[in-house]
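These notes concern the structure reproduced below.
Computed from the coordinates by the stated procedures, all read-outs in this text should not be read as laboratory data. If you're wondering where the values come from, they're calculated on a predicted model, not measured in any experiment. Positions of Cβ are backbone-derived with ideal geometry, glycine not excepted, and every protein chain shown enters the neighbour counts.
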C-alpha cells in the first residue's frame, strides 16, 4: 500500500511538472495510472490482506503496476532512464512479498514489456543496450531481495524452533507445554499432568560434571517419550531437572497407570557413562487429573506439584497422585 501511494504521488508530479507528459496522450496515461494506483491503495485499506491474497490480489497489484508503467511510457513516448527505472517499484514489491515464481513473473513482465516499449520508441541500437541494462538491473534486484528474504525467513524459522524446543532434551519448552495444557483443559475430555523430578540430580552434576548432567536429562527425555504414546501425550521440560508429561483424553486410573510405567521405565534404563559404567537413575513423580472442561491450568499445576513433593518427602523413587 505504501509503495502504491508513493507511486501515485510520483506519477501525479510527473503529469504536472514534466513537459514530456503534457501532451493529451501523456496526461491521459499519467492520470489513468494515478487513478489505478489510488484504487489499489483503497482496496488494500478496505480488504484484509488475507482476502486479497486468497483472490490473487496481492500478485495482481505489482503485475498491473508493471504493465501500467509501460503503458504510460508508451503513451508519453518516454523511454528515458527515469521512466524505465520506475519499474523497480512493482519489482521490489513482488520480490519482498512473494519471492519464488511470483516474483519471477513480475520481473518477467517488467523486463519483457520494457523491452517491447523501448524497441518501439527508440533507435534499435540504443534500445538493445537500454533493454539489457534495465533487464539486468531488475533481475538482479529480484534475485538479491528474494534471496535476502529467504535467508530472513530461514533465520526466523530457526529462532522459532529454538523457542519451542529445548536445546538439551529436544522436548517442548515450558511456553509450548503450557499452551498444550491450557488447550487440553479446555477440551474437557480428561486431562492428566505428570511432573517428573530427577532424584539427587545435584549430586549427579557435582560428582560427574555438568556434561553428564545434560546427558542425564536427554536420556530421561528419551525414556519418557518412549514410554508414552506421542499421539495423545506431550512431553516437555519445565526447567532445571523437572520434566513433565501431559496426557489428554484419559481417566484418572489411566494417568496413575502411566505414572507407574514411567517410574519402572526409568528404573530399568540406567545411563551409560563415558567410562563404560552405568549410572542408575530414579525419579519422583506427581500426578494430577481433571475431568471436564473449564478447569484452571494453574490449579492443575499446583495439584501435581503438591503430589510431587509428597513423593519426594516420602523417600523419592515413587509417585504420588493428587486428590481429585
* Structure fact -> Within segment 230-324, the percent of DSSP beta bridges that are antiparallel, given to the nearest 5, stands at 75 percent
* For a footprinting-style exposure proxy, rank 220, 105 by other Cβ within 10 Å, fewest first. => 105, 220
* Structure fact -> For residue 306 and residue 253, extending 7 Å from Cα along the Cα-Cβ vector and measuring point to point gives, in nm, a value of 2.5 nm
* Structure fact -> Residue separation between residue 46 and residue 5 times 0.36 nm, minus their alpha-carbon distance, gives in nm 13.3 nm
* Would you give the gap between the C-alpha center of segment 280-324 and the C-alpha center of segment 188-207, rounded to a whole Å? => 10 Å
* Which value, to two decimals, describes the C-alpha radius of gyration of segment 234-324 once divided by 2.2 N^0.38 Å? -> 1.18
* **Å³ per residue enclosed by the Cα convex hull of segment 174-321** => 97 Å³
* Would you list 197, 232 from fewest to most Cβ contacts within 10 Å? -> 232, 197
* Asked: Which residues in segment 87-114 place their backbone N less than 19 Å from a point set 7 Å from the Cα of residue 132 along the Cα-to-Cβ direction?
  -> 111-114
* Residue order, fewest to most beta carbons within 10 Å, for 309, 301 -> 309, 301
* Full-extension gain in nm, residue 202 to residue 231, via 0.36 nm per residue minus C-alpha separation -> 7.2 nm
* To do: Would you mind calculating the gained length between residue 140 and residue 280 on full extension (0.36 nm times residue separation, minus the Cα-Cα distance), in nm to one decimal?
  => 44.3 nm
* Asked: Along the principal axes of its C-alpha atoms, what lengths does segment 213-274 span, in descending order and rounded to whole Å?
  -> 41, 23, 18
